[in-house]
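Asker: There's a structure below that I have some questions on.
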Amino acid sequence: MAKHLVISASPRAMGKSVRTAKELVSKLRLRFPSDEVEMLRLSDLDIHYCMGCNTCGENNECYMEDGMVELLAQLETTDHLYIISPVYFAGPPANYKAMLDRFQPLFWSKQGNEPKRPAHLVVIGDGGDPHGFEPLVTCTRSGLAVAGFQLHKVLPFIGSELKPADIGHDLAANLFREDN
Ligand SMILES: Cc1cc2nc3c(=O)[nH]c(=O)nc-3n(C[C@H](O)[C@H](O)[C@H](O)COP(=O)(O)O)c2cc1C
């Protein structure tokens, strides 16, 4: 039995990322009925930003005991990771960047040597900004590599007219294609 973890990275509890994440969870449960499918909303987790103290370089642990404890425990047992993130000025929202930066203890402890598990990034945006979302992808790829994941697919859904149900449908078609 594999474990799939879907993370909504938006600071908004009921925005498009959360609704898209719920759509994806339903599709995953249908597609993999005997697998475990979990969802986390970063809006539910109090994750302080990294202070850069590098204490974790000495003991492989962060001194902050906040929502990151639960998130790291969930990631530890995850086989397939899906991150649904809004784009904010081409990059990640601050709360999601805080999560990625808090992977620093894993940088010291694992040193990126472990076999990487697959991860996918779903990018949500309204459009209208000419600067794209490459910084969001790069930050995600870099942070996830330290956490033991390799970013496989980047699936952008940019446009205020796009509905979570339609995005969920397209996601399933893309992620579950036989040639994946
Ligand atoms: C501070 C801020 C910056 C944003 N920057 C962009 C952007 O660069 N490109 C874009 O397509 N949408 C941008 N958006 C729109 C959000 O990505 C969009 O509203 C998204 O649906 C928010 O996700 P949520 O509904 O899950 O909270 C921005 C929104 C905010 C609040």
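Asker: Once Lys and Arg get +1 and Asp and Glu get -1 on their Cβ, which of Ala98, Ser142, Val123 lies farthest toward the positive end of the dipole of the stretch 56-180?
Answerer: Checked the options; the winner is Ser142.
Asker: Between Leu30 and Glu58, what is the spin-label point distance in nm, taking each point 7 Å from the Cα along the Cα→C-beta axis?
Answerer: Distance between the two pseudo-spin positions: 5.3 nm.
Asker: For the stretch 91-161, just say rounded, prolate or oblate: build the C-alpha gyration tensor, square-root its eigenvalues into a ≥ b ≥ c, call rounded for a/c under 1.5, and beyond that prolate if a/b exceeds b/c, oblate if not.
Answerer: prolate
Asker: A further question on this structure: Quick one: order Phe107, Phe176, Phe133 by neighbouring beta-carbon count within 10 Å, fewest to most.
Answerer: Starting with the residue having the fewest Cβ neighbours, the order is Phe176, Phe107, Phe133.
Asker: To continue, here is another question. Remind me, relative contact order of the chain in percent, using alpha carbon pairs under 8 angstrom and six or more residues apart?
Answerer: Contact order relative to length: 25 percent.
Asker: Sticking with this structure for a sec: When the Karplus curve 6.51 cos²θ - 1.76 cosθ + 1.60 is applied with θ = phi - 60°, which whole-Hz ³J(HN,Hα) does each residue of the stretch 147-158 get, with x for Gly and Pro?
Answerer: 8, x, 10, 10, 6, 8, 9, 10, 10, x, 10, 9
Asker: Here is a follow-up. Nearest 0.05, what FRET efficiency do Ala73 and Ser160 give at R0 = 45 Å with Cβ-Cβ as r?
Answerer: With a Förster radius of 45 Å, E is 0.80.
Asker: Leu175: net charge of surrounding residues, Cβ under 11 Å, Lys/Arg +1, Asp/Glu -1, itself excluded?
Answerer: Every neighbour counted, the sum reads +3.
Asker: Where a ≥ b ≥ c are the square roots of the eigenvalues of the C-alpha gyration tensor, would you call the stretch 1-155 rounded, which needs a/c under 1.5, or, failing that, prolate if a/b is larger than b/c, or oblate?
Answerer: Oblate.
Asker: If one takes the longest principal axis of the Cα atoms in the chain, at what angle in degrees, from 0 to 90 and to the nearest 10, does the Cα axis of helix 16-31 lie?
Answerer: Long axis of 16-31 versus the principal axis of the chain: about 80 degrees.
Asker: Also, quick follow-up: Where does each of Lys27, Lys116 land when they are ranked from fewest to most other beta-carbon atoms within 10 angstrom?
Answerer: In order of increasing Cβ crowding within 10 Å: Lys116, Lys27.
Asker: Additional query: With Cβ to Cβ distances under 12 Å as the rule, what net charge do the other residues near Val154 carry (K, R +1; D, E -1)?
Answerer: With Lys, Arg at +1 and Asp, Glu at -1, the net is +1.
Asker: Taking +1 at the Cβ of each Lys and Arg and -1 at the Cβ of each Asp and Glu, which of Phe176, Ala165, Cys50 sits farthest along the dipole of the stretch 31-180 towards its positive end, judged by Cα position relative to the Cα centre?
Answerer: Looking along the dipole axis, the top candidate is Phe176.
Asker: Within the stretch 125-160, find all residues whose amide N lies under 18 Å from a label point positioned 7 Å from the Cα of Phe89 along Cα-to-beta-carbon.
Answerer: Backbone N within reach: 125-140.
Asker: For the stretch 11-139, with only Lys/Arg (+1) and Asp/Glu (-1) charged at the beta-carbon, what is the dipole magnitude about the Cα centre, in debye rounded to 20?
Answerer: 540 debye
Quick note: the coordinates plus some simple rules give every number you see, no bench work behind them. Since this is a predicted model, take the numbers as computed values, not measurements. Don't worry about glycine lacking a Cβ; one is built from the backbone with ideal geometry, like all the others, and counts go over all protein chains shown.
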